[in-house]
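For reference, the structure discussed in these notes is given below.
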Amino acid sequence: MEKKPCSSSLAVKTSHVLPPDTNYHGTLFGGILMAHIDDVAAIAAVRHARRAVVTASTDSVDFLEPVKEGNSICIEAFVTWTRNTSMEVFVKAVAEDLLTGDRRVCATAFLTFVAVDEDLRPVPIPEVFPETESEKLLHEGAPLRAERRRERRNNSKEFAARFGTKYPWNQRNM
């Protein structure tokens, strides 16, 4: 498979923040922003793999600034790093006051996707390569983030095994 540049997976989506998308404070619900992030990141992953993908993890979504009703929210995502069947996607969300033109980064996130076949089995994907200094910075830091993901996933599996499916979770059940 031929390697692809990070830029070939770039996906961008801009939406208007309307009253149904906001909370009591008149700011965008975090869950709505997270849905936008997953949507655009998945598009970037499919563009890179040219295969169906599934979300394997979201490292974090760091909410840096509130997004107010009436603002626009622009989500940008691209693949920063690949392994055999998985890829890391960096996402940046920019809020814009449409009346003043003031723009600020309101959130960043890293997500991991796995390319799959029709039976939802992982399939190989092309490698990605960075071109810009920013892409190189993200690419170089990816192995450490991947190791942290593995550790977090192992911890999650331990919690799942400990807590199981029973409720309530009390000392007698643990």
Cα convex hull volume per residue for region 18-117 (Å³) | 96
Cα-projected label distance for E133 with S156, points at 7 Å along beta-carbon direction, nm = 3.5
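Roughly what % antiparallel, to the nearest 5, for the DSSP beta bridges in the chain?
Working: 40 of 42 bridges.
Just about 95 percent of them are antiparallel.
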Using alpha carbon centroids, what distance separates region 111-131 and region 6-79, in Å?
-> 20
Which trypsin sites (Lys or Arg not before Pro) does region 57-164 hold that lie in a coil by DSSP with at most 16 other beta carbons within 10 Å?
-> R83
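Find, among the chymotrypsin sites (Phe, Trp or Tyr not before Pro) in region 1-88, those assigned to loop by DSSP (not H, G, I, E, B) with at most 16 other beta-carbon atoms within 10 angstrom.
Values: sites: Y24, F29, F63, F78, W81; in loops: Y24, F29.
For chymotrypsin sites (Phe, Trp or Tyr not before Pro) across region 1-88 that sit outside H, G, I, E and B with at most 16 neighbouring Cβ atoms in 10 Å, the list reads Y24, F29.
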Reach of K68 by Cα under 25 Å, taken over lysines that are not fewer than 8 positions away in the same chain | K13, K92
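At 222 nm, what value in deg cm²/dmol follows for the chain if DSSP H runs of at least 4 each add -39500 (n - 2.57) and the sum is divided by all its residues, to the nearest 500?
Numbers: 2 runs with 51 residues, N = 174.
It lands at -10500 deg cm²/dmol.
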With just the Cα atoms of the chain, tell me how far they stretch along each of the three principal axes, in Å, largest first.
-> 53, 52, 31
Compare N154, N71, N84 in a GNM of the chain, Cα atoms joined below 10 Å, and give the one with the largest fluctuation.
-> N154
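Can you pull the semi-axes for region 103-172, root of five times each eigenvalue of the Cα gyration tensor, sorted largest first, whole Å?
Values: eigenvalues 220, 78, 34 Å².
Largest first, region 103-172 gives 33, 20, 13 Å.
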Chymotrypsin sites (Phe, Trp or Tyr not before Pro) restricted to region 99-171 and DSSP loop, no more than 12 other C-beta within 10 Å = W169
Can you work out ³J(HN,Hα) from phi for every residue in region 146-161, in order, using Karplus 6.51 cos²θ - 1.76 cosθ + 1.60 and θ = phi - 60°, giving whole Hz and x for Gly and Pro?
-> 5, 5, 4, 4, 4, 4, 5, 5, 4, 4, 4, 5, 5, 4, 4, 5
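Rule-based calculations on the coordinates, nothing more; no lab input. These numbers come from a predicted model, not from an experiment. No Cβ is skipped: glycine too gets one built from the backbone with ideal geometry, and neighbour counts run over all protein chains shown.
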